[in-house]
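One structure is given below, encoded as C-alpha cells.
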Amino acid sequence: MPPQRKIEVLGPGCTRCKETFRVVQHVVEQEGLDVELVKDESIERMMALGLLATPGVVIDGKVVVSGRIPKAEEVRRLLGIA
Amino acid sequence: MTTLASTATIALRPTRRRGWALTAVAFGTAVLFYTQLQRLAAFLTYDLAGLARGSRLSSAVEFFVFEVPKVLLLLTAVVFAVGVLRSFFTPERARQLLAGRREASGNVLAAIFGIATPFCSCSAVPLFIGFVTAGIPLGVTFSFLISAPMVNEVALVLLFGLFGWRVAALYLGTGLAIAIVAGWVIGRLKLERHVEPWVWQVQSGSGTTAAQKTWTDRLTDGRAAIREIVGKVWLYVVIGIAVGAGIHGYVPTNFMASFMGRDAWWAVPLAVLLGVPMYSNAAGIIPVVQALLGKGAALGTVLAFMMSVIALSLPEMIILRKVLRPALIATFVAVVAAGILAVGYLFNAVM
C-alpha cells in the first residue's frame, strides 16, 4: 500500500487560512480520500518551507498553493483527481 | 457585469479562446456603459425621479447615482488588471530578488515590489521573518512592508476615478517616496537589536518556485481577484459614496475650509493623529475624502489623513509585536508618520 499522503494547510489563523482549510477539507471528505489533513499555525513550519504568503497548502512537504484561497477544483487537480 | 461573466464561465469549459472572448466582451460593455454614465445619472435623477435641479437632494442623488457605478466599474477593471499582473509576482519571488541587496538601491526595489506583490496583514510576520533571514537588510524589509499595504490598486483606482490621474500619480509617487526614505532611515538607525531575538534563530527554507502559469491561469487569477477584492469591498464603496453624496448635497461649500483649510497649520498633524487609531480599507475612506475636498478641505491634509489611516494600521502593529520590540514599532510609526506629515505640508504648500 502506498504511504498515506499528508496535506497541511498553513496560516496564522486569519479568516483566509480557515477558509482554505474548509475548502481542502471539503474536497477530502467529498472524494473520500485517505489522507492526513493538518492545519498548522506555527511560524516554524512556514519558515522551514519558505512560505511567505499565507494561506498556504502543502502536499507531502511541497508547497503547492501560496498566498491565496484555492478553489475546490484546483485542490482536486493538485491531488490528481480532477 | 461580473456575475454574468462568472455564470458564463461556470457553464462553459475554460478554453483559452473563450477566456479571451469573454474578457473582451466584458471590457467592451464596461467601456460603453462608462461613457454614458453622466447622461444616465442625470436622466435617472431629473427625468425619472422628477427631482428639481439645483436642490440639495437632487444634487446628492445625482452624485450617488453617477459615482457608484463609475467607481465600481473602474475598480473591477483595475483589480482585474492588477490581479493578472500579480500572477507574475509572489512574496517568495520578491525575497529571492531582494536577497543580498544593499541599502538605498534595495530600499527602492523593495518599495516597488511592495506595490506589485499581493499583501495580507496576516502575512506580515512570516514575510518579515522570511526577508530578514534571507539576509535582506532591516531597512529594506521595512520599505517593502510600508509600500505593500499603502500603495495598493484600490486606493489608486479610487483616487484616479474621483480626482483624476494627477492626484493618483502623486499618491503613488509620495507613497513610494515615504516607503523608500522611511525604510532607509530605519536601516540607518541600526535597530537590529530591537527585533525579537528568536527571529534570528529561525531556519528558513528557500521556498519553492511556483509552477509555470499559462495565460488562462492568469486571467483566472484576475477574475478571482475581482471576486475576492471587489466582493469584499463594494459595500464599503457604496456606503462611502452615500456619505460623500450626503456631504456633497447638504454641507455648505467651504464649511470644511475653516478648520481643514491650508492656513490652519495644526490641521495636518491632527489629521495624521486621527488616522493612526483608525483602520479602514481604501475603498471606504476615499469617497468621504472626495466630499471633504469638495467642501474646501485642503488636499494635503486630507491625503495625510488617508495615508495615516491606511499605512499606520493598529491591527498590523499588533501582529508585528510578535517579531518586533515596542521600541522598533514606535520608531516605525514615528518615521512613517513624519513622512506623511511632510507629504501633507508639501501638498498644501504646492497645490
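Total lysine pairs in chain A at Cα distances under 17 Å, for residues eight or more apart or on different chains: 5. With neighbour counts taken as other beta-carbon atoms within 10 Å, the residues B:His248, B:His194 rank, fewest first, as B:His194, B:His248. How far, in degrees from 0 to 90, does helix A:15-31 lean away from the longest principal axis of the Cα atoms of chain A, to the nearest 10? On a 0 to 90 degree scale, this one is about 10.
Centroid-to-centroid, using Cα positions, segment A:7-72 and segment B:219-242 are 24 Å apart.
Annotation: aspartates and glutamates with alpha-carbon distance below 16 angstrom to B:Lys295 (same-chain offsets under eight excluded): B:Asp263.
The charge dipole of segment A:9-78, taken about its Cα centre with unit charges on the Cβ of Lys, Arg, Asp and Glu (plus for the first two, minus for the last two), comes to roughly 320 debye. About its Cα centre, the protein assembly as shown has a charge dipole of approximately 580 debye under the convention of +1 per Lys or Arg Cβ and -1 per Asp or Glu Cβ, with nothing else charged. Since only B:Phe131, B:Val84, B:Val65 are under comparison, the one whose Cα sits farthest along the positive direction of the charge dipole of segment B:45-186, derived from C-beta charges on Lys, Arg, Asp and Glu, is B:Phe131.
Given axes a ≥ b ≥ c from the Cα gyration tensor, I'd like to know whether the protein assembly as shown is rounded (a/c under 1.5), prolate (a/b larger than b/c) or oblate. Here the protein assembly as shown falls in the oblate category. Partner lysines whose Cα lies under 30 Å from the Cα of B:Lys190, excluding those fewer than 8 positions away in the same chain, are identified as B:Lys322. Our coupling estimate for segment B:85-99, obtained by passing each phi through the Karplus curve with A = 6.51, B = -1.76, C = 1.60 and θ = phi - 60°, is 4, 6, 5, 7, 10, 10, x, 4, 5, 4, 4, 4, 6, 8, 4 Hz, Gly and Pro reported as x.
Note on B:Arg53 and B:Gln201: the model spin-label points, each 7 Å out from Cα along the C-beta direction, lie 7.5 nm apart. Each 5 Å bin from zero up to the one holding the largest Cα-Cα distance in segment A:9-78 carries the following percent of pairs: 3, 18, 33, 27, 14, 5, 0. A simple rule links phi to the HN-Hα coupling: the Karplus curve 6.51 cos²θ - 1.76 cosθ + 1.60 with θ = phi - 60°, which for segment B:126-140 gives x, 4, 4, 4, x, 5, 5, 6, 8, x, 7, x, 4, x, 5 Hz, with x for Gly and Pro. Residues whose amide H falls under 5 Å from that of B:Ala298, counting only those 5 or more places apart or on a different chain, are B:Gly261, B:Arg262, with hydrogens built in the peptide plane.
Once the other residues with Cβ under 15 Å from the Cβ of B:Leu40 are scored (Lys, Arg +1; Asp, Glu -1), what is the net sum? Mind showing how you got there, number by number?
Details: positive: B:Arg39, B:Lys70; negative: B:Asp47, B:Glu62, B:Glu67.
Computed value for this residue: -1.
Every read-out reported here was derived from the displayed coordinates using simple, explicitly stated rules and does not represent laboratory data. In this text the structure is predicted, and so the values were computed from the model without any measurement. Backbone-built Cβ (ideal geometry, glycine too); neighbour counts: all protein chains shown.
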